[in-house]
Amino acid sequence: MSKKKDMDSIVSLCKRRGFLFQSSEIYGGLNGFWDYGPLGVELKRNVKDAWWRDMVTSHDEFREYPGAPQTFHMVGLDSSIVMHPQIWKCSGHYDLFHDMMVDCKLSKKRYRYDQLKGRWVTCPGKTASAQQVERVFVTSGAEDPTPDIEARAAKLFGLRNKEADRLVWDGGVQSLGTVEPSQFASVLAPDVDSLGTFTEPREFNLMMKTILGAMGTEDDAAFLRPETAQGIFVNFKNVVDSTRVKVPFGICQVGKSFRNEITPRNFTFRSREFEQMELEFFCHPGESAQWYQYWRDRRMKWYTNLGLSGERLQLREHHQDELSHYSCGTSDIEYAFPFLDAGEFGELEGIAHRGDFDLRSHSEGKLDPKTRPLEVEKDADGNPKWRGSGKDLSYFDDQTRERFIPHVIEPSAGADRGTLAFICEAYDEDEAPDEDGKAQTRTVMRFHPRIAPVKAAVFPLIKKEGMPDIALGVYRELKEAGLNVQYNQQGAIGRRYRQQDEIGTPYCITIDGDTISQKTVTLRDRDSLAQERIPLDKVTEEIQRRLKG
Ligand code: GAP
């Protein structure tokens with residue numbers, strides 16, 4: 001299946017079966033925002049629940065986890081989205097959380113300098129447009145830029161389509177970020193016909209601003225959090241003082257974050273509103289390297305345990321020049337999404353060794369000398385004004401009598417990106433026999449049973465002979481056990497199976513003639529298509545056993 005068709009089929013299934021809708025669709029949509037439909041909300045909730053259960057509720061503080069230097073506590077938190085503006089100054093987001101962007105003076109459109117794609121081209125014996133330029137960098141804002149770049153280059157050099165082979169390409173498609181601003185006179189921006197229309201690259205802060213209270217002045221400006229992490233750091237002392245936790249321990253949070261992405265794209269992959277699942281793990285500086293290793297490996301396993309295949313998933317250590325302003329080591333868990341080119345991967349989760357950057361800067365307002373200084377405000381005499389909270393955020397170990405600022409390991413995952421990866425991985429088309437034994441193409445979402453939005457469907461084979469009543473009894477018993485199940489008595493049984501395959505329901509239960517005579521039902525498995533008979537009074541138990549499996 002082609003890459004394009006693959007993604008198109010996935011997007012269309014998501015809309016058709018109620019996984020994902022464009023936000024504000026009846027008003028033409030809003031770029032970078034998405035709504036989860038009835039099945040999508042279940043799927044994403046299952047992903048978040050699996051994370052929360054594995055990290056918080058089922059964590060055993062007395063257990064020795066393989067690879068962990070010692071036993072540890074894990075607790076949860078739900079902090080507010082809007083927080084004191086100084087938090088963003090001390091976290092570095094106010095001064096450093098930006099993308100470089102370029103504006104086109106003609107089209108008035110804005111692009112990310114490092115993301116807009118283009119290609120160098122010449123045409124022997126010809127110059128481009130009125131500007132008489134010989135070598136041009138032709139860009140395209142299209143999802144698949146190559147054909148658009150070729151068509152635009154031919155037009156620019158005044159060639160007809162059949163003369164396009166006169167173009168001489170210099171290298172492959174690359175980002176505008178590889179082109180020096182001094183060469184911008186030779187760049188053709190998307191959607192315009194003249195060269196040299198881009199401004200110099202400029203910094204664009206990604207935080208979303210809001211105004212608090214009724215006065216509406218700039219002094220009332222605040223920001224929607226661009227990450228949930230800072231809510232955890234500023235509550236570090238509260239958690240230590242109000243619970244039994246001792247370093248090493250982790251604080252987990254799941255919640256919305258907002259970023260004013262310049263070019264939201266690739267379905268939910270890069271959105272302006274999204275959800276994060278973040279853990280800040282506080283440990284002794286001397287043990288932080290071991291904890292970093294532990295969390296990297298454990299988080300990677302989480303995705304494979306939930307069904308992401310080994311060959312589409314990779315763990316990539318960042319190069320020194322890729323590290324965020326606070327990080328002294330980061331690796332990404334990445335997935336080969338079908339909308340990417342072959343060999344490309346997209347980030348699902350970053351595991352960062354943040355050192356003592358955050359606690360120190362929320363305390364002192366000063367930063368690790370290895371990072372850029374954040375606070376450049378001056379007092380009346382022109383001296384730098386460091387403005388942390390002034391609160392002591394160090395930790396006192398009452399066993400060793402040592403006081404220190406803990407180091408932090410941060411596994412930070414995107415709930416929407418994870419959900420999208422599970423959707424892409426689950427999508428499959430295969431051949432399955434219909435009721436007459438004829439092979440038919442079926443679309444099947446092979447979700448891991450733990451995250452499948454619907455766990456089972458119950459059908460009476462026919463709408464008579466008491467079958468619907470028995471089927472409704474089974475359905476209600478499964479519901480009472482807390483399982484999301486569906487009941488359907490309409491249409492041919494094969495069609496009902498296929499409808500469930502398409503939304504990834506792992507098990508279908510059919511009540512038929514034998515149910516009445518022998519008190520058994522048919523249990524059909526989505527993946528193996530195997531049908532077995534199990535006792536009617538053991539259905540709930542059997543489904544629960546398989547879901548745990
Ligand atoms: N506290 C660290 C932090 O926020 P990040 O790499 O910027 O690190 C963590 O974000 C995760 O959040 C990413 O791996 C990704 O899964 C998700 N994420 C970030 N920006 C996103 C966006 N614009 N749309 C959807 N998910 C996003």
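The values are calculated or read from the model by the stated rules, or taken from the named source; none is laboratory data. Small disclaimer: the values here were computed from a predicted structure and weren't measured. We place every Cβ from the backbone using ideal geometry, glycine too, and count neighbours over all the protein chains shown. To get the accessible areas, we keep the full protein, side chains included, count just its heavy atoms, and leave off ligands, DNA and RNA. Shrake-Rupley method; radii C 1.70, N 1.55, O 1.52, S 1.80 Å.
Side notes on the structure shown:
- Around the amide H of residue 346, modelled in the peptide plane, lie the amide H atoms of 335, 336, 337, all under 5 Å away and 5 or more residues distant in sequence or on another chain.
- Euclidean distance of C-alpha centroids, the range 229-295 and the range 1-77, integer Å: 17 Å
- Under the simplified labelling scheme, the residue 400-residue 146 pair shows an inter-label distance of 5.5 nm, with each label point 7 Å from Cα along Cα→Cβ.
- For the range 40-155, Kirkwood radius (reciprocal of mean inverse C-alpha pair distance, Å): 20.7 Å
- Order of exposure, largest accessible area first, which applies to 58, 363 with probe 1.4 Å: 58, 363
- Sequence-distant aspartates and glutamates (8 or more away, or on other chains) whose Cα lies within less than 17 Å of residue 464: 512, 514
- The helix-only estimate of mean residue ellipticity at 222 nm for the chain, built from DSSP H runs of length n ≥ 4 each weighted as -39500 (n - 2.57), is -7500 deg cm²/dmol after division by the residue total.
- Expressed per residue, the C-alpha convex hull volume of the range 474-549 stands at 96 Å³.
- Across 15/455; 44/256; 44/209; 105/126; 256/479; 89/209, pairs whose alpha-carbon gap is larger than 18 Å: 15/455; 44/209; 105/126; 256/479
- For residue 408, net neighbour charge (Lys/Arg +1, Asp/Glu -1) across residues whose Cβ lies under 9 Å away: -3
- Bridge type composition, the chain - antiparallel percent by DSSP, nearest 5: 85 percent
- Along each principal axis, Cα extent of the chain, largest first, Å: 90, 80, 50
- Sequence of 74, 300, 100, 215 when ordered by accessible area, the most exposed leading, probe 1.4 angstrom: 215, 100, 300, 74
- Dimensions in Å of the range 105-204 - Rg and Dmax from alpha carbons: 12.7, 42
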